[in-house]
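S.K.: Shown below is the structure under consideration.
The values are calculated or read from the model by the stated rules, or taken from the named source; none is laboratory data. A quick note: this is a predicted structure, and the numbers were derived from the prediction, not measured. Here the Cβ positions follow ideal geometry from the backbone for every residue, glycine too, while neighbour counts run over all protein chains shown.
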Amino acid sequence: MQGRFQKGDHMNTFARALGLAALSAGLFSGAAAAATIVEIDIAGAGTGNGQGTNPRGLNDQGDVIGTYIEASNKFHAFVRHADGSLQFFDFPDNSDGASINDKGTMAGDYHNGSNYSGFIIDAEGSLTSFDVPDMTYTHPQSMNAHGDIVGETDIDSGPVHGFIRKAHGKIKVFDAPGAGSQTGTVAQCLNSQGIVCGFYVDDNNVWHGFVRNAKGKITTVDPDGSVRTNLIGINDDGTIVGNWRDSNFMTHGLIRAADGTLTTFDVKNAAHTNLSGINKRGAACGTTVDSSGIAHSFIRNAKGHVTKFDPPDAIQQANYGSYAYAINGKGVVLGSYYDLNGAYHGYIRIP
């Protein structure tokens, strides 16, 4: 998103993971010995900076959707099924896999030769391409159980807009009140009740969280003292996770209950705390950064107990580590890390 939220910029996944949120306080446990971590690396992915395997979404069956980036910097959408088998999509140009629901329906975007179009692929492999009318860029971010999709859209100049595409094909473009004339609104997630959350950026370049209910009413969400609020994930109970930043540039986890109550969460002894996903049982996942600048993935269960972990190959030095993005109903966590060359590697953690 030119100059603001870069189109096709896969570092945004990490920015999102490091800009996430949380729940209440808990104590660290030791590494869970029973858990299995499986690394995801697609053959053909490049090994240079900004290349590699970048997962994006996870469903309750354990299927993973994402993108791998070749040495030529071309992007390809992929799905890794729970049995380890891989599925690739033969788009003529760059493609980015974003979300997969429990029916196995997938969504993402691809470059169609001039613009970016959204795509939907059902479990049988049938492809539907779509564009937000009058826009040049259609970027799905999340899809719910019904097949409704939210994301961001824009033209070559002007602000970014949120959109929601219903499963039957109707598209609604919307803007949060207060969104800037040259910045805009980004819809990042939705649940089965049609509640959408994300963030908007005002004319002073300040980020604000928002919640849009199923009837279209938009509510701004900003904890006291926040200079940047970002809402990332939602479950079907209406609980939302995200993050907020204070005036000292410290990032805190954020939980918004269905009744609107806000809870700030900080992992003990962490310099920054971020949450990225929440499942139907109320377990959340996220990323914490320690005092040495190393990022660690963590899970917070519904009772508030926190478990920190890293894939075995994650680099344990400042500005490296691992990042958790999503957690499914079975407690499987999806995330990634990047190596000393700046190449991405995906992982799943199976409890």
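S.K.: Would you say H76 is in a strand (DSSP E or B), at pLDDT 95 or above and farther than 22 Å from G233 by Cβ? Break it down stepwise before answering.
M.R.: Numbers: in a strand (DSSP E or B): yes; at pLDDT 95 or above: yes; farther than 22 Å from G233 by Cβ: yes.
The answer is yes for H76.
S.K.: In the stretch 200-211, what residues are touching a residue at least 40 places away in the same chain (Cβ under 8 Å) and either farther than 18 Å from A257 by Cβ or crowded, with 23+ Cβ neighbours inside 10 Å (or both)? Quick ask: steps written out before the conclusion?
M.R.: Keep residues of the stretch 200-211 that are touching a residue at least 40 places away in the same chain (Cβ under 8 Å), which gives 201, 209, 211.
If the condition is that a residue be touching a residue at least 40 places away in the same chain (Cβ under 8 Å) and either farther than 18 Å from A257 by Cβ or crowded, with 23+ Cβ neighbours inside 10 Å (or both), then V201, G209 are the ones that fit.
S.K.: Can you report the number of residues in the stretch 40-58 which are farther than 19 Å from Y323 by Cβ and buried (at least 24 other Cβ atoms within 10 Å of the Cβ)?
M.R.: Of the residues in the stretch 40-58, 0 are farther than 19 Å from Y323 by Cβ and buried (at least 24 other Cβ atoms within 10 Å of the Cβ).
S.K.: In addition: Just give me the residues in the stretch 212-229 being touching a residue at least 40 places away in the same chain (Cβ under 8 Å), crowded, with 17+ Cβ neighbours inside 10 Å and of a type in the set (V, I, T), in sequence order.
M.R.: I218, V221
S.K.: Does I232 count as within 17 Å of A98 (Cβ to Cβ), in contact with a helix residue (DSSP H, G or I) (Cβ under 8 Å, 6 or more places away or on another chain) and either surrounded by fewer than 22 Cβ atoms within 10 Å (Cβ to Cβ) or not small (G, A, S) (or both)?
M.R.: Numbers: within 17 Å of A98 (Cβ to Cβ): yes; in contact with a helix residue (DSSP H, G or I) (Cβ under 8 Å, 6 or more places away or on another chain): yes; either surrounded by fewer than 22 Cβ atoms within 10 Å (Cβ to Cβ) or not small (G, A, S) (or both): yes.
Judged against the criteria, I232 is a match.
S.K.: Further question: May I ask you to list pairs of residues, at least six apart or on different chains, whose Cβ atoms are under 9 Å apart, with the first in the stretch 243-270 being basic (K, R) and the second being surrounded by fewer than 13 Cβ atoms within 10 Å (Cβ to Cβ)?
M.R.: If the second residue must be surrounded by fewer than 13 Cβ atoms within 10 Å (Cβ to Cβ), the pairs left are K268/L27.
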